[in-house]
Amino acid sequence: MDTFTASLDAALALLLHADAHLYGIVSLSLRVSCLAVLLAALFALPLGALLAVAQFPGRRTLTVLVNGFMGLPAVVVGLIVYLSLSRAGPLGELGLLFTPSAMSLAQAVLVAPLLAALTRQIVEDAWFEYADQLHSLGVSPRQAALTLLWDTRWSLSTVLLAGFGRAISEVGAVMIVGGNIDGVTRVMTTAIALETSKGDLPLAMGLGIILVALVLLLNALAQAIRSWAARSAQ
Amino acid sequence: MTAMKTAMFPLQLSGIGFAPSGTTILQDINLTIAEGSCTVILGPNGAGKSVLMRIMHGLLAPGSGRVEWGSLEERPLSQAMLFQRPVMLRRSVLSNVAYGLHVQGIPIPEAKRRALAALESVGLQHLADRPARVLSGGEQQRVALARAAALQPRILFLDEPTASLDPGAARAIESGIAALHAAGITIVMVTHHLGQARRLARDIVFLAAGRIQECTPAHDFFRQPQSQAAADFLKEELP
Ligand SMILES: Nc1ncnc2c1ncn2[C@@H]1O[C@H](COP(=O)(O)OP(=O)(O)O)[C@@H](O)[C@H]1O
Ligand SMILES: [Mg+2]
């Protein structure tokens, strides 16, 4: 118990004194996961919308796959991205392994199915309401998908927040493709894992507190967006 | 251009049947809609009026029979439909009206200009910048009417457009429909409101149990319907 309170005190001291090492790690985490969500969204949002509105062969299979991939273990994603980026792999020439870009890529692969599946659900619900009207106006599937993505923008922004929450709190994928190199690819989760095993509990705990606070903040923000959008009928 | 203009009429339904998974919803529907006409479809609940209208508009493929537009090979674009519950996009009133024009390839400034004119024609220009979904049901239906009118369709389908509106809002929609008809737009409408049917209709199609029981000029229909089913219906319905 004593180590706990002592570590907590030390952790709070780090937080309050804006410890450069700690905030460097936090800032890298935020950048890596933001980029990951952006990358994933570019691909997953259109895919989710098309799965909701377009009729094409293989649509059901793809939907099942996307839903199934939501539960992919992060370490497996890390392994696959590692193999793709390793020197002998198909993307080896990019030389991305053990860089923040590799970590963003791994997290993007991890959260893309989540974004696509949630997008499909939200867009499909809206499509159910809009379908007759849009068909009546002679809208093509592509136009319908774009229309619905725009019209569900507030719900989709909460999906992005959920994806960000998943990305920033995973450890397995970034550990494998980033290598947890101090000052280069060390993010909050990998730092917590390492510092805990090394016994540097204050740093681990300080990062833990920030991570929890961040996840709570994301949820609060999503909640606020939802109720604002419902209230103002957006 | 004139050749194009006359080509899409008459709208001709021949031998239309609709029986998904064995249950007959519509059968043996033969109907001709002439340019400039105003046809009201009457009939009890579940008669198949909405299904028939959706088939005419092209939202639903018939199980059998043909929907033919004059000498056209395809469903023409210059048609629009109003539903019982207006579908408002999560955007401003003006964007809702401009949307239909924009998807047809009209550039946004031009679409907005025409949308604003259409909103003025239903008296809602002062709501142009409001989010459409906060409007009342009656206002939303007027926006939907403006959205349809802005497309300058040559035929307008309406499926019980005033069924969930209060009398004042219903009158506003009704006069909007009358104005569009006076401007030369062909009207096909389902309503449960016999007073409205009397005021608007030139022809009545009476549908019951998936069949057209009679197709009669409105004046004659309300004086003396030809079918027993229609006579019973008129007795039971409120005016
Ligand atoms: N798309 C559809 N596919 C199969 N059955 C339908 C469809 N739409 C409506 N029906 C059925 O057709 C019947 C007639 O419905 P409808 O045309 O809505 O009646 P109404 O005359 O009241 O408008 C109902 O029994 C309804 O359940
Ligand atoms: Mg109906």
- Message: Roughly how far apart, in whole Å, are the Cα centres of the range A:134-168 and the range A:1-63?
- Response: 20 Å
- Message: For B:Lys112, give me every one of the aspartates and glutamates with a C-alpha distance below 14 angstrom, ignoring sequence neighbours fewer than eight places off in its own chain.
- Response: B:Glu120, B:Asp129
- Item | Cα long-axis angle, helix B:108-121 against chain B (0 to 90 degrees, to the nearest 10) | 60 degrees
- Within chain B, helix-based [θ] at 222 nm, where runs of 4 or more DSSP H residues each add -39,500 (n - 2.57), nearest 500: -11500 deg cm²/dmol
- Message: If I fit a long axis through the Cα atoms of helix A:201-231 and take the longest principal axis of the Cα atoms of chain A, what angle between them do I get, 0 to 90°, rounded to 10?
- Response: 20 degrees
- Task: Please work out how much length the chain gains when fully extended from B:Arg130 to B:Ala179, using 0.36 nm per residue of separation minus the C-alpha to C-alpha distance, in nm with one decimal.
- Result: 15.1 nm
- Ranking of A:Ser232, A:Ser29, B:Ser21, B:Ser78 by count of other Cβ atoms within 10 Å, fewest first: B:Ser21, A:Ser232, B:Ser78, A:Ser29
- Message: Given an 8 Å cut-off on Cα distances and at least 6 residues of separation, report the relative contact order of the range B:158-239 as a percent.
- Response: 24 percent
- Message: Given an 8 Å cut-off on Cα distances and at least 6 residues of separation, report the relative contact order of chain A as a percent.
- Response: 32 percent
- Rounded to the nearest 5, the percent of antiparallel DSSP beta bridges in the protein assembly as shown equals 50 percent
- DSSP loop GluC sites (Glu not before Pro) with at most 16 other Cβ within 10 Å excluded, longest remaining stretch of chain B: B:75-236
- C-alpha center-to-center spacing [the range B:185-212, the range B:78-115] in angstrom: 26 Å
- Query: Once both axes come from the Cα atoms, what is the angle between helix A:20-53 and the longest principal axis of chain A, in degrees from 0 to 90, rounded to 10?
  - Reply: 20 degrees
- Of the candidates A:Met70, A:Gly183, A:Tyr130, the farthest towards the positive dipole end of the range A:3-227 (Lys/Arg Cβ +1, Asp/Glu Cβ -1, centred on the Cα centre) is A:Tyr130
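Read-outs throughout are calculated quantities, based only on the coordinates presented, and are distinct from any laboratory measurement. None of these values were measured; they are calculated from a predicted model. All Cβ positions, glycine included, derive from the backbone under ideal geometry; neighbour counts span all protein chains shown.
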